[in-house]
Amino acid sequence: MSKLTKRIVDAAQPAEGRQLLLWDSEVKGFALRVTPAGAKAYILNYRNAQGRERRITIGRHGSPWTVDDARQRARDLLHRIVQGADPLDTRAVDRAAMTVADLADLYLEDGPAARPNKKARSWATDGAILRGHVKPLLGKRTAKGLTRADIAKFQNDVAEGKSARTTKTKPRGAARVTGGKGIAARATATLRAMLSFATERGIIPANPAAGVRLFKQQKVERFLSETEVSQLSGAVTALEAGSKLHPSFAACIRLLMLTGCRRGEIEGLQWDWIDFDRGMIRFPDSKTGAKVTPLPSPAVDVLKGLKRKEGNPYVFPATRGDEGHIVGLSKAWGAVRKAANMPELRLHDLRHSFASFAVADGASLYLVGKVLGHKQASTTEIYAHLRDDPLLALADKTAARIARAMQPQQNTAEIIQHPRAKRSADGR
């Protein structure tokens, strides 16, 4: 334990799958909290007059909270605690006037500790939704004043594109916020989760989003045919050969096609997770937790064609700098699907296609789910209809054979009428 400084705070990196606490040696109970998503905030642990251990969030790192200002705030709070006050009880009075924007900030700061099993990627998505849709439409409203009608109107407004916009993020980058029923349902679900957190904290008496029906999301699953797989693979090879696609991006896409893994799993794949002898990848964490994924021979060939970067654990290291893994796959994928003349194809459709080929080859939904790493059997049910394809092929083949047998047998030999049959025909 050492004194928290700006250098230590700036250098602090998130821990995989859990929050990180860096304690200060100067003020007891004062610490920097780093969420799995990378959000940094100053907190204070203390015991109130009743001996109950409590934690209060001082504020996010950055303006207006520097490490020195946050430390002084912690000292002030401890002084009040010694006198018998409880900062959290005082804050509860202030929360009656808390705006939705303030609640969103509190949710992103304290939520990861309250929901430790929620993945960092999910928190990052929640943050984008709260900043992109919830704050612009409801941010100035008081959290306590929200009604069910407000939540229903929010969902309609997002669907109609009232929060849609494009924001410049970098000299050559932009963030696009879109509308539509799909994102509206997702945004409302995120808002509901935030308000559930607020009820647990006593900020609001009940969750006004609890009775609001979410728009049904029309999921259109895309499955590649063998011809399309060949077409897509050809586009990757051609772009790579023409130096229009970085070899790492090309290999990354090939692995997605050959393993059925999720994009994030392949982007962040590390060499230590791969067991070439047993033909498997051991993911210490994924969307559904730790899992083991089979590594087929064609995927092994792709991996063995890659060079390791010294000092970097990732299979696909960042193309710039010495640390981190590859980024920018979306842009590369855009070039690939354009070259393949498949503008609507998503990277996640490669995972769907892997499953569809497995089912078409006769694999059970249970086995397909195990390969894909599904925790719930219902997740794999989207491929159930594909089982009809091999059955239909078998039925067609069998029926065709029977149909051939049912056809009249034509004898090419000359037919000679029997004399007795001839007399009967003449009536003699």
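Pairs linking a residue in region 259-286 that is of a type in the set (Asp, Glu) to a residue that is assigned to a strand (DSSP E or B), with Cβ atoms under 7 Å and 6 or more positions apart or on different chains, are GLU265/PHE283; GLU267/HIS325; ASP275/ARG282.
Residues in region 289-303 that are surrounded by 12 or more Cβ atoms within 10 Å (Cβ to Cβ) and not in a helix (DSSP H, G or I): GLY289, LYS291, VAL292, THR293, PRO294, LEU295, PRO296. Of all the residues that make up region 320-341, how many are exposed (fewer than 14 other Cβ atoms within 10 Å of the Cβ) and assigned to a helix (DSSP H, G or I)? So the answer is 4.
Conditions tested, residue by residue: (1) in contact with a Cys (Cβ under 9 Å, 6 or more places away or on another chain); (2) modelled with pLDDT of 90 or more; (3) within 30 Å of LEU138 (Cα to Cα); (4) not hydroxyl-bearing (Ser, Thr, Tyr).
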| residue | (1), (2), (3), (4) |
| --- | --- |
| THR5 | no, yes, no, no |
| GLU26 | no, yes, no, yes |
| PRO36 | no, no, yes, yes |
| ASN48 | no, no, no, yes |
| ALA70 | no, yes, yes, yes |
| ASP76 | no, yes, no, yes |
| MET98 | no, no, yes, yes |
| LEU103 | no, yes, yes, yes |
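Among residues of region 247-288 being among the hydroxyl-bearing types (Ser, Thr, Tyr) and closer than 27 Å to ALA339 by Cα, the one that is surrounded by the fewest Cβ atoms within 10 Å (Cβ to Cβ) is SER248. Just for region 188-243: of the residues that are part of a loop (DSSP other than H, G, I, E, B) and among the small types (Gly, Ala, Ser), which one is nearest to LEU138 (Cα to Cα)? The qualifying residue nearest to LEU138 (Cα to Cα) is ALA209. Condition (residue is closer than 30 Å to SER225 by Cβ, assigned to a helix (DSSP H, G or I) and out of contact with any strand residue (DSSP E or B) (no Cβ under 6 Å at 6 or more places or on another chain)) applied to region 304-319: is it met by at least one residue? Among the residues of region 304-319, at least one is closer than 30 Å to SER225 by Cβ, assigned to a helix (DSSP H, G or I) and out of contact with any strand residue (DSSP E or B) (no Cβ under 6 Å at 6 or more places or on another chain), which makes the answer yes.
Name the strands (runs of 3 or more DSSP E) wholly inside region 1-115 in which the number of residues that are surrounded by fewer than 19 Cβ atoms within 10 Å (Cβ to Cβ) is 2 or more.
Values: elements: 20-23, 30-34, 40-47, 53-60.
Filter on region 1-115 gives 20-23, 40-47, 53-60.
The values are calculated or read from the model by the stated rules, or taken from the named source; none is laboratory data. Fair warning: this is a prediction, and the values are worked out from it, not measured in the lab. Please note: Cβ atoms are built from the backbone with ideal geometry, for glycine as well, and neighbour counts cover all protein chains shown.
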